[in-house]
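Below is one structure, written out as structure tokens; comments come after it.
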Amino acid sequence: MFTPVDQQIAVPRIGFVSLGCPKALVDSERILTQLRVEGYDVVGGYDEADLVVVNTCAFIEAAQEESLDAIDEALTENGKVVVTGCLGNRGSVVRDRFPDVLAITGPQDYEAVMEAVHAQLPPPPRSPFLDLLPDSGVKLTPRHYAYLKISEGCNHKCTFCIIPDLRGRLRSRRIDSVLGEAQRLVRDGVRELLVVSQDTSAYGVDLRYEAAQWNGQEWRTEVAALADALGELGVWVRLHYVYPYPHVDALIPLMAEGRILPYLDMPLQHASPRILKAMRRPAGGEQVLERLQRWREICPELVVRSTFIVGFPGETEDDFQQLLDFLEQARLDRVGCFTYSPVDGARANALPDAVDPEVAEERKQRLMALQARISAEKLAGFVGQTVQVLVDAVDGDAAIARSYADAPDVDGLVHLHGAEGLLPGEFVDVVIKSSDEHDLYGSPAD
Ligand code: SF4
């Protein structure tokens, strides 16, 4: 029998007070974005919060007094307070008056704020096949890209997952709120927006696709409208966690037109209908191969990333072979694979016919070997082409960059030579000279 786990695992709740100028507001947005992406709940009242972050201002005396009052109030009403922002630069002013604050950090010191929050309230449990953030762990993204979380929770009931119990049903942010945040991030130097949620294709269904004004135009709270509007910002827009529902077809022309990146992260988890049913996956009955073919006809450069779970309870050799056959035919560009591991409270734990972990591991190796061949073949198709990349890091004449086909941390890289003078966060056209199973190699075009 399924046991709800919301009493067992509490989601940490953060209160936030934001004072000061537009720059301080961007800092607040950046911290709030990171908190949301890591799975914290951002709440409106001191009572509900487990901790309060106060982003302060110290521009003039009055602003400083207002900030000190805000810290005082947060300490009185809640007791656990992290101070950041411009007044943080005058740490002794805060510390002398409020020795009990948990941490004091300066403006744009997002990393230190997150460290202080983590020290007090560790983020909710992570799972490799559910997390919105890469497996490499929770870290603040570099300043040139940012995750944009568009909703919380999920209306599905995948049997291996406890997110709906942990975070509740889908709650979308209205489109004007998401677009406002995106616009501020772009003004602050973000060049790539990574749209994340537990189910991006379902965005807005809970709000009945309510329309809102943004930039003098009306937009529906719905995934294609969101993609279209984000396309106005002139930066890379990458969509994660999209399921192959029919209405997702509307995204493909936007990709073909170059409004958003021709990249879809579509966690399919399996291909055997029997296992998909046991997993209770959303869109498990959709004709994925046919859909992929149609999408590629409209947008030939489309890159599809997916993740799969092998060794799910009851998975037979035949089910696994169906998955391998699917991968052969689908020729996905990027694939992640996890062996099934039970999550406390997940219904799949009660399913019969657990798969021996050694068998699951061996299946994973076979899957990854097959995909390595497909990936190498696909990447070889880039050799000789000129592609636009976003530079992530520069070291002398070498640089690490990514093309539209590479989401940060989970996909491949483009390794550059002759890159002196380039800067992180810069777009540059490069000529691809060679490739391997995961990465491309090239140098800046003349
Ligand atoms: S779609 Fe399934 S796996 Fe993803 S959050 Fe919802 S219930 Fe969990």
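The values are calculated or read from the model by the stated rules, or taken from the named source; none is laboratory data. Predicted model, so just to flag it, every value in this text is computed and none were measured. Ideal geometry is used to build each Cβ from the backbone, glycine not excepted, and the neighbour counts take in all protein chains shown.
Can you tell me which residue is nearest to the ligand (Cβ to nearest atom) among those in region 166-176 that are hydrophobic (A, V, I, L, M, F, W, C) and part of a helix (DSSP H, G or I)?
Leu166
If we keep just the residues of region 69-115 that are within 22 Å of the chain's Cα centre (by Cα) and on the phi < 0 side of the Ramachandran plot, which is surrounded by the fewest Cβ atoms within 10 Å (Cβ to Cβ)?
Restricting to residues being within 22 Å of the chain's Cα centre (by Cα) and on the phi < 0 side of the Ramachandran plot, the top hit is Glu111.
Identify all residues within region 307-318 that are surrounded by fewer than 21 Cβ atoms within 10 Å (Cβ to Cβ) and at pLDDT 95 or above; write none if there are none.
Hits for region 307-318 are Pro313, Gly314, Thr316, Glu317, Asp318.
Residue-wise test of (1) small (Gly, Ala, Ser); (2) surrounded by 20 or more Cβ atoms within 10 Å (Cβ to Cβ); (3) away from the ligand (no atom under 15 Å from the Cβ).
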residue	(1), (2), (3)
Tyr209	no, no, yes
Gly216	yes, no, yes
Pro246	no, no, yes
Pro253	no, no, yes
Leu264	no, yes, yes
Leu276	no, yes, no
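When you look at Ala360, is it surrounded by 14 or more Cβ atoms within 10 Å (Cβ to Cβ), assigned to a helix (DSSP H, G or I) and touching a residue at least 60 places away in the same chain (Cβ under 8 Å), yes or no?
no
Within region 17-132, which helices (runs of 4 or more DSSP H) (wholly inside it) include 1 or more residues that are touching a Cys at 6+ places or on another chain (Cβ under 8 Å) and of a type in the set (Gly, Ala, Ser)?
22-37, 61-77
When region 316-339 is examined, which residues are found to be acidic (Asp, Glu) and within 24 Å of the chain's Cα centre (by Cα)?
The answer is Asp333, and nothing else.
Inspect all residues belonging to region 295-311 and state whether any of them is assigned to a helix (DSSP H, G or I) and farther than 20 Å from Val335 by Cα.
Within region 295-311, one or more residues are assigned to a helix (DSSP H, G or I) and farther than 20 Å from Val335 by Cα.
Would you be able to say whether some residue in region 384-404 is within 23 Å of Trp295 (Cβ to Cβ), outside the structural domain of Leu302 (by TED's automatic domain parsing) and among the acidic types (Asp, Glu)?
No, the conditions are met nowhere in region 384-404.
So Gly189 passes all but one of these: (1) more than 16 Å from the ligand (Cβ to nearest atom); (2) under 30 Å from Gln217 (Cα atoms); (3) within 15 Å of the chain's Cα centre (by Cα). Which condition number does it fail?
(3)
So for region 150-165 (the condition being surrounded by fewer than 18 Cβ atoms within 10 Å (Cβ to Cβ), away from the ligand (no atom under 16 Å from the Cβ) and at pLDDT below 95), does at least one residue qualify?
No, every residue in region 150-165 fails to be surrounded by fewer than 18 Cβ atoms within 10 Å (Cβ to Cβ), away from the ligand (no atom under 16 Å from the Cβ) and at pLDDT below 95.
Scan region 226-245 and report the pairs whose first residue is hydroxyl-bearing (Ser, Thr, Tyr) and whose second residue is assigned to a helix (DSSP H, G or I) and within 16 Å of the ligand (Cβ to nearest atom), with Cβ atoms within less than 7 Å and a gap of 6+ or a chain change.
Tyr241/Thr200; Tyr243/Ser201; Tyr245/Ser201
Does Ser375 count as farther than 15 Å from Lys433 by Cα, polar (S, T, N, Q) and either surrounded by fewer than 17 Cβ atoms within 10 Å (Cβ to Cβ) or out of contact with any Ser or Thr (no Cβ under 6 Å at 6 or more places or on another chain) (or both)?
The answer is yes for Ser375.
Collect the residues in region 223-244 that are within 16 Å of the ligand (Cβ to nearest atom) and of a type in the set (Asp, Glu), keeping them in residue-number order.
Those that are within 16 Å of the ligand (Cβ to nearest atom) and of a type in the set (Asp, Glu): none in region 223-244.
Filter region 378-418 down to the residues that are in a strand (DSSP E or B) and under 20 Å from Leu332 (Cα atoms) and list them by number.
Result: Val387, Arg402, Val414.
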